[in-house]
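Novice: Structure below; questions to follow.
Laboratory data are not the source of any read-out in this text; all were calculated from the coordinates shown. This is a predicted model, so every value here is computed, not measured. Here the Cβ is made from the backbone with ideal geometry for all residues, glycine too, and neighbour counts use every protein chain on show.
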Amino acid sequence: MTLYIVRRLLWAVLMLLAVSALTFVIFYTLPSADPAALRAGRQATPELIAQIRHSLGLDRPVYDQFFIYMKNLVLHFNLGYSYQNNISVRAEIASRLPATLSLTAGAVFVWMLIGIPVGVLSAIKPRSLLDRVAMGASLVGISAPVYWLGLVALFLFASDIGRIRLFGGAGSYVSITHDPRAWFSSLILPWFVLAASFAAFYARMVRGNLLEVMGEDYIRTARAKGVSERRVIVRHGLRAALTPVVTIIGLDIGILLGGAVLTETVFNIPGIGRFAYDSIVNSDLPAIQGTVLFGAVFIVVANLIVDILYAFLDPRVRY
Amino acid sequence: MALLEIQDLRVSFQTRDGVVHAVDGVSLAVDRGRTLGLVGESGSGKSVTALTVMGLTKHPNASIDGKILFDGGDLLQISPAELRRIRGKRVAMIFQDPLSSLHPLHKIGWQIEEAINAHEDVSGQVARRRALEALKEVGIPSASDRLDSYPHELSGGMRQRVMIAIALVLDPEILIADEPTTALDVTVQAQILDLIRVLQDERGTGVVLITHDLGVVAETADEVAVMYAGRIAERGPLESVLEAPEHPYTWGLLQSLPRLDAPRTERLHPISGQPPSLIRVPSGCAFHPRCPYAFGICPQVVPPLLVSQPGHEVACHLPVPTRRGIGREVASKEVSVG
């Protein structure tokens, strides 16, 4: 097991290196605006742009820039400084992490609370009215784009522009240490909007898994033992049906911690996703690089945790 | 009256392709300490019969008719809660594939204890001790370690022993074994059959042994019922059915058994044709399209199950003397009972 984890961690480092290199390559291959020109302002002289380009190190060859970036990252854990405003990318990400964490944690809670019970109830009574309604609604949830759902939610319920002014609207986010009540109110809409598609997806997944498991031979054995139907479903059915769900939850959390770009942008939450969006708009390579790398770290770590956890949940899995 | 008596059981399923007549008027009986061998091809309705006794026909559109009398009460009439109290406690069942029949994510001890806890209010310690005893009784080596094993850590034979331990831990009056040895190695098959027989002798359990293998029946059963297309073709005491079989389908089963003492050049004699569709069961005698002896009346009238010799019933239109003649000839070539 230890050997397995060590091997996985080594692979993770290699993976992150590849991610950084790829981000560099993509940034320089795709036609983006010249960062130096963007920074120089509207009436920039060519000399000014050249000077800025030199000071940012943009006149060096790409591999040189990559090497300097990696050296700073590995030796000083330094993610560089934003082209836009010279702020340390590392500090910026750290300051935005609580917002993303708040958003993710709440959304995960909401979607599990909705998705799993709905999936279970649908599976217990397949083709019932409840099943049909739930699966129909989940199709809507999966299909509705987050930005659209977010705007609709704001239009209906936001305290500033909504028809029914219930919850904090876009840009109302405050940190939990500052004002817990306002924090909660400001995140209710984003939580539900972000959770909607996940809840729908999880409901369908749990339903499908449980339906399949309930047809297994060992469910028949449990019934043949005279175990109550409730116990058959919970201890035998769900025990087997929810194990694969754990994998997906882990990966989804990992992805969201890297920033829920659309939700954070629509609700103007100062999280990592919003930062990533802004940095892409501004061709701010160090910031892009930082957010991509940060997101990749979460995904790689989440993957590892899920795989280790799986060995505990399913005794047949051994590393 | 026998302990378990199935009377004119009919089970059909509504499917998209039509109505499946899985069991079509089956009557069977098994008593304490006796073994009934239920024989037939896949799809002959033997497993559905057994699952119906347990109340485990899982098809949502099943329609069930007839009577299943257990200890005087009709299992088809009692409430689900009452049936649950009988299931596992007084009537237990083991299945064909022990790997898929055991929960892969629970320890073996847990799975046995659960059977105890489902019916008796005992402490965890007592349940565990009884689970351990059950494992020892079915001959599992270092049983106390095995309580904490998972099914995938055991061999096929050991897993089936665990299934037997689960089934017998509450000392049921009836054990239904649905192809208990089909998924196992031949050498292990004999051990499992022996184990069932030994435990049955000790406890006086009535056993319904479902199999497609007449060899297994010859070794274990007291009575035999041969099923074809959801109906009983022939039933009676073991010796009578094997030594004087009177149904052409039974002859076919006997002739298709491979024999070690036959010359290598002799070919096997499979029954020609395919098992019938249970949606469009052939008219008259369901076996007539495959029967080499079929004649005029066979496709028209369903043969009733009639007493031919004491305790031996046959559903066939052939004249009795003809049946007996062919039957003895087939048996003398194929069977050596005892």
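Novice: Three principal axis extents, largest first, for the C-alpha atoms of segment B:160-238, in Å?
Specialist: Computed over the Cα atoms, the extents are 34, 28, 20 Å.
Novice: Then there is this: What are the residues whose amide H is under 5 Å from the amide H of B:VAL208, where those residues sit 5 or more places off or on another chain and H is modelled from the backbone?
Specialist: HN-HN under 5 Å from B:VAL208: B:LEU36, B:LEU175, B:ILE176, B:ALA177.
Novice: Taking the Cα atoms only, what angle lies between the long axis of helix B:156-168 and the longest principal axis of chain B, rounded to 10 degrees?
Specialist: Result, in degrees: 80.
Novice: Quick one: net charge of A:ASN72's neighbours, Cβ under 15 Å, K/R +1, D/E -1?
Specialist: +2
Novice: Could you tell me whether segment B:116-206 comes out rounded, prolate or oblate from its Cα gyration tensor? Rule is a ≥ b ≥ c as square roots of the eigenvalues, rounded for a/c under 1.5, then prolate if a/b exceeds b/c, otherwise oblate.
Specialist: It comes out oblate by the Cα gyration axes.
Novice: Starting at the first residue of segment A:248-258, write each ³J(HN,Hα) from the Karplus equation 6.51 cos²θ - 1.76 cosθ + 1.60 with θ = phi - 60°, in whole Hz, x for Gly and Pro.
Specialist: With the stated coefficients, segment A:248-258 comes to 5, 4, x, 5, 5, 4, x, 5, 5, 5, x Hz.
Novice: Where the convex hull is taken over the Cα atoms of segment B:14-58, what is its projected area averaged over directions, in nm²?
Specialist: 4.1 nm²
Novice: Hey, any idea what Rg/Rh is for segment B:91-135, computing Rh the Kirkwood way over Cα pairs?
Specialist: 0.98
Novice: Convert 37 °C to kelvin, take the viscosity as 0.692 mPa s, use the Kirkwood radius over C-alpha pairs of segment A:31-120 as Rh, and evaluate the Stokes-Einstein diffusion coefficient in µm²/s, rounded to a whole number.
Specialist: Value of D from the Cα-based Kirkwood radius: 198 µm²/s.
Novice: Starting from the amide H of A:ILE87, placed 1.01 Å from N in the peptide plane, find each other amide H under 5 Å away whose residue is 5 or more places distant or on another chain.
Specialist: Hits under the 5 Å cutoff: A:SER82.
Novice: Also, quick follow-up: P(r) for the protein assembly as shown, please, calculated from all Cα pair distances in 10 Å bins and given in %.
Specialist: Reading upward from the zero bin: 3, 12, 17, 17, 13, 11, 10, 8, 5, 2, 1, 0.
Novice: Short version: ³J(HN,Hα) in whole Hz for each residue of segment B:21-32, in order, from phi by Karplus 6.51 cos²θ - 1.76 cosθ + 1.60 (θ = phi - 60°), x for Gly and Pro, what are they?
Specialist: Per residue, the Karplus-derived 3J(HN,Hα) values read 8, 6, 10, 10, x, 9, 10, 9, 8, 9, 10, 3 Hz.
Novice: Under a Cβ-Cβ cut-off of 12 Å, what is the net charge of the residues other than B:LEU75 that fall near it, where Lys and Arg count +1 and Asp and Glu count -1?
Specialist: So the environment of B:LEU75 carries a net charge of +1.
Novice: Same structure again: Return the percentage of antiparallel bridges among DSSP beta bridges fully within the protein assembly as shown, rounded to the nearest 5 %.
Specialist: In the protein assembly as shown, DSSP labels about 60 percent of beta bridges as antiparallel.
Novice: Here is a further query. Could you work out how far helix A:2-29 tilts from the main Cα principal axis of chain A, as a 0 to 90 degree angle to the nearest 10?
Specialist: In chain A, helix A:2-29 runs at an angle near 50 degrees to the longest axis.
Novice: State the Kirkwood hydrodynamic radius of chain B in Å, one decimal place, computed from all pairs of distinct Cα atoms.
Specialist: In chain B this quantity evaluates to 21.0 Å.
Novice: To continue, here is another question. Could you work out how far helix B:124-137 tilts from the main Cα principal axis of chain B, as a 0 to 90 degree angle to the nearest 10?
Specialist: 40 degrees
Novice: Now, a different point. With just the Cα atoms of segment B:52-182, tell me how far they stretch along each of the three principal axes, in Å, largest first.
Specialist: That gives 46, 34, 23 Å along the principal axes, largest extent first.
Novice: Please compute the Kirkwood hydrodynamic radius of segment B:137-269 from all pairs of different C-alpha atoms, in Å with one decimal.
Specialist: After inverting the mean inverse Cα-Cα distance, the result is 16.7 Å.
Novice: Based on alpha-carbon atoms only, what is the radius of gyration of segment A:94-148 relative to the globular estimate 2.2 N^0.38 Å?
Specialist: Dividing the Cα radius of gyration by 2.2 N^0.38 Å gives 1.49.
Novice: Now, a different point. For segment A:156-223, what's the radius of gyration and Dmax over Cα atoms, in angstrom?
Specialist: Values for segment A:156-223 (Cα only, Rg and Dmax): 19.9, 58 Å.
Novice: Could you go through segment A:151-164 in sequence order and give the Karplus-derived ³J(HN,Hα) for each residue, using 6.51 cos²θ - 1.76 cosθ + 1.60 with θ = phi - 60°, rounded to whole Hz, and x for Gly and Pro?
Specialist: Result, rounded to whole Hz: 5, 4, 4, 5, 4, 7, 10, 5, 6, 9, 10, x, 5, 10.
Novice: Could you list, in their original order, any pairs among B:LYS89/B:LYS136; A:LYS125/B:LYS89; A:LYS125/B:LYS46; A:LYS225/B:LYS46; A:LYS125/B:LYS107; B:LYS58/B:LYS333 whose Cα atoms are separated by more than 31 Å?
Specialist: The answer is B:LYS58/B:LYS333.
Novice: In square nanometres, what is one fourth of the surface area of the convex hull spanned by the alpha carbons of segment A:187-296?
Specialist: 8.5 nm²
Novice: Quick one: Debye curve from the C-alpha atoms of segment A:76-231, no solvent, what's log10 I(q)/I(0) at q = 0.16, 0.17, 0.18, 0.20 Å⁻¹?
Specialist: -0.96, -1.02, -1.08, -1.19
Novice: Convex hull over the alpha-carbon atoms of segment B:248-337: what's its volume per residue in Å³?
Specialist: Taking the convex hull of the Cα positions in segment B:248-337, it is 121 Å³ per residue.
Novice: Let me ask another. On average, how many beta carbons from a partner chain sit within 10 Å of the beta carbon of a residue in A:212-223?
Specialist: 6
Novice: Hey, what's the Cα Rg ratio for segment B:222-291 versus the globular rule of thumb, 2.2 N^0.38 Å?
Specialist: 1.24
Novice: Looking at segment A:1-103, which chymotrypsin sites (Phe, Trp or Tyr not before Pro) are DSSP coil and have at most 11 other C-beta atoms within 10 Å of their C-beta?
Specialist: A:PHE77
Novice: Name the shape class, rounded, prolate or oblate, that the alpha-carbon gyration tensor gives for segment A:237-319, where a ≥ b ≥ c are the square roots of its eigenvalues, rounded holds for a/c under 1.5, and otherwise prolate holds if a/b is larger than b/c and oblate otherwise.
Specialist: It is oblate, given that a/c is not under 1.5 and a/b is not larger than b/c.
Novice: Return the Cα extents of chain A along principal axes one, two and three, sorted largest first, each rounded to a whole Å.
Specialist: 84, 57, 37
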